[in-house]
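Engineer: Below are the structure tokens for one structure; questions will follow.
Values quoted throughout were computed directly from the atomic coordinates according to the rules given, and no laboratory measurement underlies them. Quick caveat: nothing in here was measured; it's all calculated off a predicted structure. Every residue, glycine among them, receives a Cβ derived from its backbone with ideal geometry; neighbour counts consider all protein chains shown.
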């Protein structure tokens, strides 16, 4: 249990989970073990399994502030932000950390896609808790949604001043550096996030993507190999593995990899269509490549590139 708590403090959540499950196998369930397992699984994004341990814990400890926060987070992670909001609004948050209820309200509204509500909630909360790292990170993300990078950068600075390795703030900071064209600084930022939170896949996927953008394929290969061992189903890592294969001219490997990505993820990530078109062009399937490039001509992020690539395809 002590080893698990140390691993949690160092954000090594896979190690913590393994230690907690081993302790549980030897000693049986305990309230402390259930609470820590729920915390670890929430950090790993597994709201469904976390709920199992929260259900186990509730009759033993009741709806403590810690239980309540974890329960709300588990609901959000399960894709049930409306239920999370109901629980937030119906519960007594006495004894919770300052700003916790407000932070969870903002997160729930964002996951519901209600940007207006989230902005209103975060503006009100920051008047009460101006230095709250999580609230500032959410405010930064909302500012990015509005295209207001100046406000985003101010909130990122506030979040990192309060918590130097605040994960979401580091992600937004990296995006801002990319928007300015400073890929090397973004790479440093994402590596910093990955070092602070080694079990979170997104920072490693972002590092690999930037290394590919910079043409550093061997470095990207090493990052992807290690990250995919820990997160074999993480779509952005698999997408970047397909990109790496394509950049090396391994077209069939790239096609197999990208075709195995979840359909719903591909629909919401149009860069996949561009990669698929490049792969088909590389395989000599010019008609298919032409069709795929044409699907991107109305997307301002890809239209110029897609049109230029279509123009280079052989006629007929």
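Engineer: If you wrap a convex hull around the C-alpha atoms of the range 18-160 and split its volume per residue, what is the figure in Å³? Display every interim value, and only then the final one.
Structural biologist: Working: hull volume 16.1 nm³, N = 143.
Cα convex hull per residue, to the nearest whole number: 113 Å³.
Engineer: Given a 10 angstrom Cα cut-off, can you work out which residue in 46, 299, 131 is the most mobile in a GNM of the chain?
Structural biologist: Of 46, 299, 131, the most mobile in the Gaussian network model is 299.
Engineer: If I fit a long axis through the Cα atoms of helix 201-213 and take the longest principal axis of the Cα atoms of the chain, what angle between them do I get, 0 to 90°, rounded to 10?
Structural biologist: 20 degrees
Engineer: Per residue and in Å³, how big is the convex hull formed by the alpha-carbon atoms of the chain?
Structural biologist: Taking the convex hull of the Cα positions in the chain, it is 146 Å³ per residue.
Engineer: Quick one: angle between helix 271-282 and the longest Cα principal axis of the chain, in degrees between 0 and 90, rounded to 10, please.
Structural biologist: Helix 271-282 sits at roughly 30 degrees to that axis.
Engineer: Also, I was wondering about something else. Which one of 306, 245, 196 has the biggest mean-square fluctuation once the chain is modelled by GNM with Cα springs under 10 Å?
Structural biologist: Fluctuation is largest for 306.
Engineer: Order these by the 10 Å Cβ neighbour count, fewest first: 203, 91. Intermediate values should be presented prior to the final figure.
Structural biologist: Numbers: 203 24, 91 16.
The most exposed by this proxy come first: 91, 203.
Engineer: With each run of n ≥ 4 DSSP H residues scored as -39500 (n - 2.57), what mean residue ellipticity at 222 nm is computed for the chain after dividing by its residue count and rounding to the nearest 500 deg cm²/dmol?
Structural biologist: Values: 20 runs with 240 residues, N = 316.
Value at 222 nm, helices only: -23500 deg cm²/dmol.
Engineer: Provide the packing ranking of 248-257, 233-242, i.e. peptides ordered by the mean count of other C-beta atoms within 10 Å per residue, highest first. Could you put the intermediate results ahead of the total?
Structural biologist: Numbers: 248-257: 16.0, 233-242: 20.4.
Peptide ranking by packing, descending: 233-242, 248-257.
Engineer: Just the Cα atoms of the range 90-133, one point each, no solvent: what log10 I(q)/I(0) does Debye give at q = 0.19 Å⁻¹?
Structural biologist: Those come out to -0.56, one per q.
Engineer: Among 200, 269, rank each residue by its count of other Cβ atoms within 10 Å, from fewest to most, as a rough exposure measure. Mind showing how you got there, number by number?
Structural biologist: Details: 200 20, 269 15.
Lowest to highest Cβ neighbour count: 269, 200.
Engineer: If you split all Cα-Cα distances of the range 270-316 into 10 Å bins from zero, what percentages do you get per bin, shortest first?
Structural biologist: Result returned by the calculation: 33, 59, 8.
Engineer: Quick check: Cα centre of the range 247-316 to Cα centre of the range 137-199, how many Å?
Structural biologist: 30 Å
Engineer: Cut-off is 10 Å between beta-carbons; in what order do 71, 191 appear when sorted fewest neighbours first?
Structural biologist: The fewest-first ordering by Cβ neighbours comes to 191, 71.
Engineer: Quick check: Cα centre of the range 17-35 to Cα centre of the range 91-134, how many Å?
Structural biologist: Cα centroid of the range 17-35 versus Cα centroid of the range 91-134: 32 Å apart.
Engineer: Next up: State the dimensionless ratio Rg/Rh of the range 109-259 (Rg: radius of gyration of Cα atoms; Rh: Kirkwood radius). Intermediate results must be reported in sequence, preceding the final value.
Structural biologist: Values: Rg = 17.1 Å, Rh = 16.5 Å.
Rounded to two decimals, Rg over Rh is 1.04.
Engineer: Take every Cα-Cα pair in the range 17-57 and report what % of them are more than 13 Å apart.
Structural biologist: Numbers: 365 of 820 pairs.
Value for the range 17-57: 45 percent of Cα pairs lie more than 13 Å apart.
Engineer: I'd like the orientation of helix 47-61 relative to the chain: the angle between its Cα long axis and the longest Cα principal axis, in ° from 0 to 90, rounded to 10.
Structural biologist: For helix 47-61, the angle is close to 0 degrees.
Engineer: Compute the Cα gyration tensor for the range 215-316, then decide on rounded, prolate or oblate, letting a ≥ b ≥ c be the square roots of its eigenvalues: rounded whenever a/c is under 1.5, prolate when a/b is larger than b/c in the other cases, and oblate in all that remain. Don't skip to the answer; put the middle values down first.
Structural biologist: Details: a/c = 2.05, a/b = 1.63, b/c = 1.26.
Prolate shape, in that a/c is at least 1.5 and a/b is the bigger ratio.
Engineer: Cut-off 10 angstrom, C-alpha nodes, Gaussian network model of the chain. Which of 189, 268, 63 fluctuates the most?
Structural biologist: Largest GNM mean-square fluctuation: 268.
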